[in-house]
1. I need the calculated FRET efficiency for the pair D208 and R245, taking r as the beta carbon distance and R₀ as 35 Å, to the nearest 0.05.
2. Using the Kirkwood radius built from alpha carbon pairs, what does the Stokes-Einstein equation give as D for segment 46-311 at 20 °C and 1.002 mPa s, in µm² per second?
3. Just the number, please: percent antiparallel of the DSSP beta bridges in segment 46-311, rounded to the nearest 5.
4. Within 11 Å, Cβ to Cβ, of V58, how many net charges do the neighbouring residues add up to if Lys/Arg are +1 and Asp/Glu are -1?
5. With a cap of 14 neighbouring Cβ atoms within 10 Å, and only residues DSSP puts in a loop, list the trypsin sites (Lys or Arg not before Pro) found in segment 61-155.
6. Excluding K212 itself, calculate the net charge of residues whose Cβ lies under 12 Å from the Cβ of K212, where each Lys or Arg counts +1 and each Asp or Glu counts -1.
Amino acid sequence: MRTSLKVTLWTVGALVAVPVLTLTTTSIVDLVATRSELAAITPYGELVPVDGKEMNVVVSGSGADTIVLLPGLGTAAPGLDFGPLVSELDDTHRVVAVEPFGSGLSDQTDSPRTAENIAGEVHEALGQLGIDRYALMGHSISGVYALEYSRLFASEVTAFIGIDSSVPDQPGAEDPVPTDGTALLRSLGVLRVASALAGDAYAGLPYDEGTKQQMRFLTTKNSTAPTLLDEMDHTASNFASVSGRTFPADLPVLLFVAQDDADPDAGGWLELHENQAASVVRGQVVALEGDHYLHHTQATRIAADTDEFLAG
């Protein structure tokens, strides 16, 4: 009986010790790697003062018209992620890629990540640059923020261009984004292991190796930081704040929609955007092949259609 008990205790101890040792190892590896990656981040763009902190913006081109790029939720380095699209647009426009607080090289913030606060901070950053007339081009959740922005600063916005942008009352808008335990998984190194197993997220896309490396480093910096987690926690309430809302009727609206997301059985994604475009005097929807990140693969087409739309 005693021998059997000893065997049982040794077995239980081994079962407990193996995962503990594994997590201890992954957490130490993650800590060392994170310090190294943060030290290797290379500055880009320019920092402007906003609400007592610093927000990073990347300005390119010198055209008469200005396009302001706003990222989707969780984009770790917007100024780099938008690179392929910026290179297509900046021949004919001044392009400003804004990195809201908690993304890219911008500071973290304790200010709640409401649509109104985010819109106000972006506006302050543009004001610091002396920019007061521009088209907004937003990816994903920035479609929600642009609705709030156009309400607050209607006199400055000349058009909205959406890149598979979110729309009010879309299916799942009321569902909370789960964030519990995310920071713990990062500190234990579990997310690093999962990322390594998933492979290169930018494989086959028009980024050089140095840029891809910097985006990975900035993902480490921002993906589980408090500002992004707070923005995720506010997602449902931000959608609720624009429920039933439309853009000003006289605001030109161009919406690029990913065909891969346009399955009628998946909530009428294309129809939602067609309805949004129909709510303004001059609205247009362009369905493109590709997934949610259309600006990664369809930058040339997006830029060409945008030039034509804004010229009209």
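1. Working: r = 40 Å, r/R0 = 1.15.
Calculated transfer efficiency: 0.30.
2. Roughly 115 µm²/s, to the nearest whole number.
3. Values: 10 of 34 bridges.
Antiparallel: roughly 30 percent of the beta bridges in segment 46-311.
4. Working: positive: none; negative: E46, D81, D90, E99.
Charge balance in the 11 Å sphere: -4.
5. On the way: sites: R94, R113, R133, R151; in loops: R113, R133.
Sparse-neighbourhood loop trypsin sites (Lys or Arg not before Pro): R133.
6. Details: positive: R216; negative: D81, D200, D208, E209.
Value of the local net charge: -3.
Each reported figure results from applying straightforward, stated rules to the coordinates on display, with no laboratory input. Only a predicted model underlies this, so the values are computations on that prediction, with no experimental measurement involved. Cβ coordinates were reconstructed from backbone atoms using ideal geometry, including for glycine residues, and neighbour counts include every protein chain displayed.
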